[in-house]
Amino acid sequence: LMDEPLLVVGGTPGGLFNLVKRGAAKGRQVDWREKFFDLVVVDEASQMGLAEALTAAAFLRDDGQFIAIGDHRQMPPILAHAWDRESRRDLERARPHLSVFEYLRAAGFTSAALDESFRIPAEIADFLRRHVYAADGVDFRSANRERLPAVDVEDDWLRAVCWGNGVRLLGF
């Protein structure tokens, strides 16, 4: 695969490392100086820590490009440490508690906001626009009006969960 003129690979940071280890390194010790990738695109970068992002980009060529796609208003990385109470200056500067997306934003890298969803129902997008993305000046919208058809529910408990006091939850 590594000899192909054009290759698109999807994987986790560990998966990319394994690809290089099993492919280019043929199972031997990985030479971290070797660079194979022209482009690394990280999706859900607001949930990925800096160490994982560095692993994903470890084999990026010097003239390569790193693109981080994420939403700092969504779930951050899950960490089992109280980074906000950490007093060591090196940790404050390195900021390992941030996602790679937040780290790049704080470092002043250029970012662009997407303002349209094709998946989220319009009512939910309207709520998100007013209560979440307004803080960033993003006019978030969706034209999705598709809904699941109503289902006749025989189970009283399930009916109460889905419809409560006559109020039906949106289906999506």
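Remarks
- Some residue of the range 80-102 being modelled with pLDDT under 85, open to solvent by 70 Å² or more (accessible area, probe 1.4 Å) and within 26 Å of residue 20 (Cβ to Cβ): no
- Residue within the range 5-15 that is modelled with pLDDT of 80 or more and crowded, with 18+ Cβ neighbours inside 10 Å present: yes
- Residues satisfying the stated conditions in the range 48-69, i.e. over 15 Å from residue 31 (Cα atoms), in a strand (DSSP E or B) and not polar (S, T, N, Q): 49, 62, 63, 64, 66, 67, 68
- Cβ separations smaller than 8 Å between residues 6+ apart or across chains give the following pairs from the range 121-135 residues that are under 15 Å from residue 74 (Cβ atoms) to residues that are of a type in the set (A, V, I, L, M) and open to solvent by 80 Å² or more (accessible area, probe 1.4 Å): 124/170.
- Number of residues in the range 96-127 that are part of a helix (DSSP H, G or I) and within 24 Å of residue 41 (Cβ to Cβ) equals 7.
- Filter pass, residue 160 being at pLDDT 75 or above, among the aliphatic types (A, V, I, L, M) and not in a loop (DSSP other than H, G, I, E, B): no
- Residue that is least open to solvent (accessible area, probe 1.4 Å), among those in the range 25-50 that are over 22 Å from residue 74 (Cα atoms) and out of contact with any Phe, Trp or Tyr (no Cβ under 9 Å at 6 or more places or on another chain): 25
- Only residues that are part of a loop (DSSP other than H, G, I, E, B), aliphatic (A, V, I, L, M) and within 23 Å of residue 114 (Cα to Cα) were counted in the range 138-153, giving 1.
- Summed over the range 108-146, the residues that are exposed (fewer than 12 other Cβ atoms within 10 Å of the Cβ) and over 18 Å from the mean Cα position of the chain (by Cα) give a count of 9.
The values are calculated or read from the model by the stated rules, or taken from the named source; none is laboratory data. Please read these numbers as outputs of a predicted model, since none were measured by experiment. All Cβ positions, even for glycine, are placed from backbone atoms using ideal geometry, and neighbour counts span all protein chains on display. Quick note on the areas: whole protein, heavy atoms, side chains included, nothing else; ligands and nucleic acids left out. Shrake-Rupley method; radii C 1.70, N 1.55, O 1.52, S 1.80 Å.
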